[in-house]
Amino acid sequence: MNPSAPSHGFRPGALLVSGVINLLGALLVLLAMPGAASDSRIASAWALVQFIAGVWAGVLGANSPFLHGLAAGIPALLLGLVLPSPMPAQFVVVTWAVVPAAALLAAAIMRFMRRRN
């Protein structure tokens, strides 16, 4: 049995799924939460959205989870910098790094579990 060659470059499905999660989550956090939640809850919801989008980018991102994570985090980064929110701009930029980190973590766990079985 010949294993298939590893894929390189971006996978559109991975970018679509993780980008939509990131975009919808960011819109929810920025538009729906500010009136009803404290600043710390908004910040933790923002970080959670970034993490979930990163996990999906890593799971679906084949052999380039880091690049998929960077690309998937762009919608929330732009929304966080453009729309007014209680989160400072430096927090939005730093949490953008959560997406590729979560993607790498998810990809590493998947590879470890596949080799273990």
- Exception for SER40 within (1) in contact (Cβ under 8 Å) with a residue 60 or more places away in the chain; (2) surrounded by fewer than 19 Cβ atoms within 10 Å (Cβ to Cβ) falls at (1)
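Being touching a Leu at 6+ places or on another chain (Cβ under 8 Å) and outside any helix (DSSP H, G or I) is the filter here; which residues of segment 79-94 pass it? Write out each step before concluding.
Within segment 79-94, the subset touching a Leu at 6+ places or on another chain (Cβ under 8 Å) is 79-80, 83, 85, 89, 92-93.
Residues satisfying the conditions are LEU83, SER85.
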- Message: Which pairs turn up if I take residues in segment 55-76 that are open to solvent by 50 Å² or more (accessible area, probe 1.4 Å) and look for partners that are part of a loop (DSSP other than H, G, I, E, B) and of a type in the set (Phe, Trp, Tyr) with beta carbon separation below 9 Å, at least 6 apart in sequence or on another chain?
- Response: LEU67/PHE10
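Among residues belonging to segment 79-97 that are of a type outside the set (Val, Ile, Thr) and either in contact with a Ser or Thr (Cβ under 6 Å, 6 or more places away or on another chain) or without any contact (Cβ under 8 Å) to a residue 40 or more places away in the chain (or both), point out the one that is nearest to VAL29 (Cα to Cα).
First pass over segment 79-97, keeping only residues of a type outside the set (Val, Ile, Thr): 79-81, 83-91, 96-97.
Okay, now just the ones that are also either in contact with a Ser or Thr (Cβ under 6 Å, 6 or more places away or on another chain) or without any contact (Cβ under 8 Å) to a residue 40 or more places away in the chain (or both), so 81, 84, 88-90, 97.
Numbers: LEU81: 13, PRO84: 12, PRO88: 14, ALA89: 15, GLN90: 17, ALA97: 18 Å.
Once the filter is applied, the top-ranked residue is PRO84.
The values are calculated or read from the model by the stated rules, or taken from the named source; none is laboratory data. Nothing here was measured: the structure is a model prediction, and the numbers come from that model. Cβ: placed from backbone, ideal geometry, glycine included. Neighbour counts: every protein chain shown. For accessibility, only protein heavy atoms count, side chains too; no ligands or nucleic acids. Shrake-Rupley method; radii C 1.70, N 1.55, O 1.52, S 1.80 Å.
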